[in-house]
Amino acid sequence: MIELNGLRDAFAELTDRAPRFFRAPGRVNLIGEHVDYSEGFVLPLAIDRATVAAAAPRGDRRVRVRSLDENATAEFDLDDPDPQPAGAWSDYARGVALALARRVPLSGADVALRTTVPIGAGLSSSAAFELAVGLALLTVSGAALSPHELAHAAQEAENGFVGLRSGIMDQLASALGVRDHALLIDCRTEEVSTVPLPAGAAILIADSGVKHELAGSAYNDRRAQSEEAARRFGVRTLRDVSVADFARRSAMLPEPLRRRARHVVGENARVLATVVALREGDLATAGAHMYASHDSLRDDYEVSAPELDLLVDTARHVGGVYGARMTGGGFGGSVVALVRRDAAGALSAALESAYAARYARKPLITEVRASDGAAPIG
Ligand code: GLA
């Protein structure tokens, strides 16, 4: 396993104790964007890119975390009475430790991590990191939590300690992934059903390489707007508004709330329609919903970026491509495409040349497969 390269040696520099290993995958979302925090429907899959942790218990109450990707080590005390975020990568580890300690007794640990999830590409490198640290800390403490509870602890770390009011999609996808399947998640009940991925199609990701600096605050703004729209409609969340309700009552919302709500309401319907289409093997219809999702994220929710729009528009003109859209929080990051397997090469070539012509560099293109969720290795 490629993630283990260098990890054993890095861990041996921390301690002589023998480590155990844990793997937590990143995710790509096929459709259902910016709806999880409105208790909507999402359709992600855990991918075959993951963060691996090596961990062993310590005799004291300290946690030492080494990140090979950051080339840095952080250390904190589980009994610190006033833990403060440092504004750094290590906040994810510390936030997870704090959230777990509210649920189970934790012991001190040495942890080393390495990832093959590209960072900042919209593929949930942070959820993969959180879940790998979480599984490692639980196991070395002799504790266990259900995948749902572990996902919640990881989300709590992001919401409460890191300061991003993210939903539950990424953590549930990383915790519950199933090989060769996408996961239909109802973010209200957190019920998960598996949707087999078509064998004849490939899932391609094109990383634009763009990282929007203000993505965190813009994300929180969008969430606040969705909550405000729900409040004005007099419902708990926008999940409770159907397409027909929206058509009848949308005039009461001022802009931009009306457009924001139109995205969420339409996206929930598109996710359910996509699942039906995939189950029927109707990839053309599934793909059409992906394109419609992108248009809605670009025009109504306003979380796309010109680089992502160019990649999606290019995909529209390549034969054998069923659909493409931005994936993840947006403002940069990646585009996901569903493409007939034998057309994947033509799509990569078209994306590279169109992107290079406009931006003088290439997007990073990878084919991903759906993988199993977070678990100990061996
Ligand atoms: C980020 C968040 C998720 C979700 C997506 C947008 O990945 O972490 O909770 O809101 O953005 O769909």
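Every number here is computed from the coordinates shown, using simple stated rules; none is lab data. Quick caveat: nothing in here was measured; it's all calculated off a predicted structure. Here Cβ is always computed from backbone atoms with ideal geometry, including for glycine, and neighbour counts include all displayed protein chains.
Descriptive notes on the structure:
- GNM flexibility winner over the chain from Gly26, Gly329, Gly319 (Cα, springs under 10 Å): Gly319
- Mean-position separation - Cα centroids, region 60-91 and region 10-32, in angstrom: 16 Å
- Helix runs (DSSP H) in the chain reaching 18 Å along axis by Cα, Kyte-Doolittle at least -1.0: 125-140, 257-279, 283-299, 344-359
- GNM top mover of Asn71, Asn159, Asn268 - the chain, alpha-carbon springs below 10 Å: Asn71
- Placing pseudo-labels 7 Å out from each Cα toward the beta carbon at Ala375 and Ala247 gives an inter-label distance of 4.6 nm.
- Relative contact order of the chain, taken over Cα pairs closer than 8 Å and 6 or more residues apart, is 23 percent.
- Cβ-based charge dipole, region 108-255, positive-most Cα from Ala182, Ser242, Ala144: Ser242
- Region 111-126 and region 154-204 have Cα centres spaced 15 Å apart.
- Given charges at Cβ of Lys, Arg, Asp, Glu: region 123-205 dipole, positive-most of Ser166, Ala127, Ala202: Ala202
- For region 4-187, the Cβ-based charge dipole about the Cα centre amounts to some 480 debye (Lys, Arg positive; Asp, Glu negative; other atoms uncharged).
- Of Arg239, Arg358, Arg325, the one that fluctuates the most in a GNM where the chain has Cα springs shorter than 10 Å: Arg358
- Point-charge dipole on Cβ atoms (K/R +1, D/E -1) for region 39-98, about Cα centre, debye to 20: 260 debye
- Cβ-Cβ distance of Arg236 and Asp295, R₀ of 35 Å, FRET efficiency by 1/(1 + (r/R0)^6): the value works out to about 0.80.
- Among the GluC sites (Glu not before Pro) in region 35-113, none sits in a DSSP loop with a Cβ that has at most 13 other Cβ atoms within 10 Å.
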